[in-house]
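We did not get these values from a lab; they are worked out from the coordinates using the rules stated. No experiment lies behind these values; they were computed from the predicted model shown. Because the Cβ atoms are built from the backbone with ideal geometry, glycine has one as well, and the counts that use them run over all protein chains shown.
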Amino acid sequence: MTRETRFGALAADARWQKAWEAANSFATTDSGDKPKAYILEMFPYPSGRIHMGHVRNYAMGDVLARFKRMTGHDVLHPMGWDAFGMPAENAAMEKGVHPGGWTRDNIASMRAQLKRLGLAIDWSRELATCEPDYYGQEQSLFLDLFAHGLVTRKESYVNWDPVDMTVLANEQVIDGRGWRSGALVEKKKLSQWFLKITDFADELLEGLGSLESWPDKVRLMQENWIGKSQGLEFSFKLAGGAPGFDVFTTRPDTLYGASFAAISPDHPLAERLAKDSPELAAFIEECRRRGTAAEQLDTAEKMGFDTGISVEHPLDPDWHLPVWVVNYVLMDYGTGAIFGCPAHDQRDLDFAHKYELPVYRVIADGDEVAQHFTGDEAYTGPGRLVNSHFLDGMTIDEAKAAVIARAEHAGWGKGTTVWRLRDWGVSRQRYWGTPIPFIHCAACGMVPVPKSQLPVVLPEDADFSVPGNPLDRHPTWKHVACPTCGGEAVRETDTLDTFVDSSWYFLRFASAPSDKPFDPDVIRRWLPVDQYIGGIEHAILHLLYARFWTRALNKLGMIDIKEPFSSLFTQGMVTHETYQAWKVASDGPFADDSDPTMKTEQAYWVAPEDVEQRPEGLFARGTNDPITIGRVTKMSKSKKNVVDPDAILDQYGADAARWFMLSDSPPERDLPWSEAGIEGAWRFVQRLWRLFGDTENTGEGGEDLGLARKLHQAIAGVAADIESLGFNKAVAKIHALANEIEKAKPSATRAEACRTLILLVAPMMPHLAEEAWAALPASQRTTPMIADAAWPAADPALLVDDEVTIAIQMAGKLRDTMTIAKGLDKDATEAAALARPRIVELLAGAEPKKVIVVPDRLVNIVP
Ligand code: ANZ
Ligand code: ZN
């Protein structure tokens, strides 16, 4: 093979991708005696095109997977498609295409794009959640969960679009209106399917402790989401002694700071009172319409309605608190009722200010102890109790315990735990999802579809021309015979939340028999996933649901593991500058371009490739509209600051793109895409290619010990960096080694270093590495393809430096440094230090009083 002077990336990419496919290079092996490595990147949604975020994510996983193969592991590195979901159904409504066709076309084009990256994936394991062989097994698992009491049906509120006559997901409600119809969204009660994740709340919380290789922030987010709160539940009596209602508080210590009681608009008492009060009924209606979501409670405008009734303070029956109905108390948390303590709770303070309720201080951290609390910021820090009778002087924790003890003793309350975590509503009134395998029979009730009748397959001929659930209005699909009595019955027409699909796909990748969801023996071999890599946007729901499914299947005795992902890595985003052009109008309503507000109205986003450099500055291509460079933000279509991976692959090839993705930023941080960055990567690819031409010893030199040391340190260092996902550090070490090799004189060591460098870059730049490997004489190759080669062994003897640089201090001040042989003894080190010209000069002939030597570290001279 004659060697080209330049590396032809495009031809090499295609050649090696074909060769790997022909050789089935990345088929999962299961030799039995090697350790296993299951490397998984979160599978993509087939939206149509891959974006740079995917490239970064999959490049990282690929480097690790290839490295694991090189270091003697059986590797499972699969890819699939999270293929159900609303975008396909929206496309069907908007463009008249079938969701299935749309999705499968997208999968085909994205698969081709991913293949161009040269990923070491076992494509024989590819799966798409929208295919019956996948979702049929999911239906089977759903029935298993049902049989074990982990599936329930209950009434719950949904967002109802009265114009489109359809249920909306939260993200389809924009400012209280349906995203398509613009109609005000109503809350409507519907019977829905739930998975009982709350049965596992404790375990899911406890289990976080064992996930040491997960980012702390993800564990914290999960912890907050599960939200275990300990506190006091107690009953308020209505003034006069009639039974009132229960409240839950995490701050029983602040009870003497109460100034009102509040109930949720959905509280039964509120509903009862509303029967006689049209004003209250209207207020409740208004609250429901605004539908405050839990996340917005802190910031949403506080709204209240004074019911006119009051309750007795539990520690002082003569003290009466007014009862308000307020929008920031949720019915489905705690008891749906609270006492308000404005001085020490921000929401209560905002509320008290708005409705002029008193604000009593009961916690003090310093000298300010007055009962009257001023200011706009509630005090939520530590301190001691004041203005609180028998609690005065106690710490917060002591006071909490004291109030709980008194409540339990007197019988008006008890210490409890409440959870923020709710059961997981999995019903979606949509077509493009897994049909929930149940049948409604008038005689038998809700009947599970017998497993022998699975999969319940989606009908192909659905009608998407009108809003609502196409399954529900399909003329024939839902009509079936009851499996129990044979009478006329109807199928459930709800489909499963797509988060269910992604809650167990990692099991199916390991084992995909046609007659069951997975084979437990194979799962035992491959699971848990050793390294899971994906975006931080999945820190809560996806990961929590996958953890829940794993624990649920464990409880059912189907798998042994309790946690699906041993190690989790969340990569940063790919960002890019934004470009805004300003329309310069010479006439018309926008002629006055000195007025910046006019300019704003005429600004538009420009894609990077449409930014034109002219002598006078930057302009939008084909116009005279000047461009200003905006903030660096996540690549997004709306801001047009995207770079198309295909265009980059066409221009630079896969290896330069992969290399740049791994280079500049630590992988957990954002990576700013830049032209200069990809250009630099491209130049480095060419530099390596030239170096890889020097694998024969042309000079007379034999060993070069200095270079050998650097080489072996790089072998060990790059390995450690890849192992810990420090890709940018590995890149830096490879750069440094390349520099050293370029500087070194020809020698046997240098030739060997060039050959070894090919192996070191192989996980990151596999096409370049194969091409260089193929150009080696066969005698120098251990395997025909580098895809099957082993990672080079680092010689431990060469890993230690034989020289150290140590500090010389005088009277504790750094005066000089010197490089000496490692392990030099005290006397020799002292002598060397005292002979340094700078030290001789500083001592000016005087004998030092004392010399302290720490071998290999420092010399301290006391003059
Ligand atoms: C009195 C109090 C005084 C409170 C104080 C806080 C600070 P977490 O930590 O999230 O569990 N609360 C209770 N039920 C509620 C509901 N259904 N909707 C909205 N808020 C509710 O929060 C518990 C605290 O949130 C409870 O403690 C209660 O307010 C409020 F200085 O009770 B607290
Ligand atoms: Zn029946």
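Using a cut-off of 13 Å between beta-carbons, work out the net charge of the residues near Ala258 (Lys and Arg +1, Asp and Glu -1, Ala258 not included). Spelling it out: positives minus negatives among the neighbours equals -3.
When peptides 850-859, 337-346 are sorted by average Cβ neighbour count within 10 Å, with the highest value leading, the order is 337-346, 850-859. Over the chain, DSSP H runs of length four or greater, each weighted -39,500 (n - 2.57), average out per residue to a 222 nm ellipticity of -10500 deg cm²/dmol. Within a straight-line Cα-Cα reach of under 23 Å, Lys228 can be paired with the following lysines, leaving aside sequence neighbours fewer than 8 residues apart in one chain: Lys196, Lys217, Lys400, Lys414, Lys555, Lys562. Taking every alpha-carbon pair in region 687-816 and binning the separations at 10 Å intervals from zero gives 12, 40, 31, 10, 5, 2, 0 percent. With N counted as the residues of the chain, its alpha-carbon radius of gyration over 2.2 N^0.38 Å works out to 1.19.
Here the label points at Ser213 and Ala748, each 7 Å from Cα along the C-beta direction, are separated by 4.0 nm in the simple model. May I ask for the distance between the Cα centers of region 147-195 and region 400-477, given as a whole number of Å? What the calculation gives is 12 Å, centre to centre.
Straight distance only, please: which aspartates and glutamates reach the Cα of Lys710 with their own Cα at less than 15 Å, same-chain residues fewer than 8 apart left out? Leaving aside aspartates and glutamates fewer than 8 places away in the same chain, those within reach of Lys710 are Glu740, Glu742, Glu752, Asp795, Asp801, Asp802, Glu803. Local charge for Met42 was computed over the other residues whose Cβ lies under 13 Å away, with Lys and Arg +1 and Asp and Glu -1, and equals -3. Just list whichever of Lys516/Lys637; Lys68/Lys637; Lys634/Lys733; Lys729/Lys822; Lys115/Lys583 have alpha carbons separated by over 30 Å in the model shown. Listed pairs above 30 Å: Lys516/Lys637; Lys68/Lys637; Lys115/Lys583. Sorting 733-739, 52-58, 568-574 by average packing, meaning the other beta carbons within 10 Å per residue, from highest down gives 52-58, 568-574, 733-739.
The separation of region 765-821 from region 221-257, counted between C-alpha centres, amounts to 63 Å.
Of the residues Ile734, Ala201, Ala364, the one whose Cα sits farthest toward the positive end of the charge dipole of the chain, with +1 on the Cβ of Lys and Arg and -1 on the Cβ of Asp and Glu, is Ile734.
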